Amino acid sequence: NSKTFWTTTGMFPQELIIGFPKCVKISKVAIQCYLVRTLRIERSTSKDPVGFEQCVEKDLQHTEGQLQMEEFPLPELQATYLRFIIKSAFDHFVSVHRVMAEGT
């Protein structure tokens, strides 16, 4: 639902973990967020959300009054969990509106 979102509590870093029922192959991750400055995506192939390793880190552009829409190609990435770490922001509070992962 595009009218719902996850918001931070005002201090950084903040993290959001998404789990899959089993290990999957991911080719691309897309995120819609607001006021995120630096975002890191990590993955874990463990049964539990531990042992994360960094996949990508990027500084996002500030889009005043609009959602930021970023795509991250991650060819043949295997993951059971994805951790999104918001390292810094353009404001005290940011929001994540949608996360999409493509693959098999």
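The values are calculated or read from the model by the stated rules, or taken from the named source; none is laboratory data. Remember, it's a predicted structure, so these values are computed and weren't measured experimentally. A quick note on method: Cβ atoms are made from the backbone with ideal geometry, for glycine too, and the neighbour counts reach across all protein chains shown. Ligands, DNA and RNA are excluded from the accessible area calculation, which covers all protein heavy atoms including side chains. Shrake-Rupley method; radii C 1.70, N 1.55, O 1.52, S 1.80 Å.
Could we say that Glu70 is out of contact with any His (no Cβ under 7 Å at 6 or more places or on another chain) and in a loop (DSSP other than H, G, I, E, B) here?
When the stated conditions are applied, Glu70 does not pass them.
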Candidate set from the stretch 51-101 (those that are at pLDDT below 95 and among the acidic types (Asp, Glu)); member that is farthest from the chain's Cα centre (by Cα)
Glu64
Filter the stretch 15-38 for residues that are open to solvent by 40 Å² or more (accessible area, probe 1.4 Å) and more than 16 Å from the chain's Cα centre (by Cα) and give the result.
Pro21, Lys22, Cys23, Lys25
I need the strands (runs of 3 or more DSSP E) fully contained in the stretch 9-61, keeping only those with at least 3 residues that are among the hydrophobic types (A, V, I, L, M, F, W, C).
14-34, 36-44
Report the residue count in the stretch 12-30 for those that are touching a residue at least 24 places away in the same chain (Cβ under 8 Å) and farther than 10 Å from Ile86 by Cβ.
13
Apart from one, (1) closer than 18 Å to Thr8 by Cβ; (2) in a strand (DSSP E or B) all hold for His92; the odd one out is (2)
So, in the stretch 5-14, how many residues would count as being farther than 17 Å from Glu70 by Cα and surrounded by fewer than 15 Cβ atoms within 10 Å (Cβ to Cβ)?
5
Checking the conditions here, which among Phe72, Phe90 is closer than 21 Å to Ser44 by Cβ and of a type outside the set (Lys, Arg)?
Phe72
Among (1) out of contact with any Gly (no Cβ under 9 Å at 6 or more places or on another chain); (2) assigned to a strand (DSSP E or B); (3) more than 11 Å from Ala101 (Cα to Cα); (4) acidic (Asp, Glu), the one test that Glu76 misses
(1)
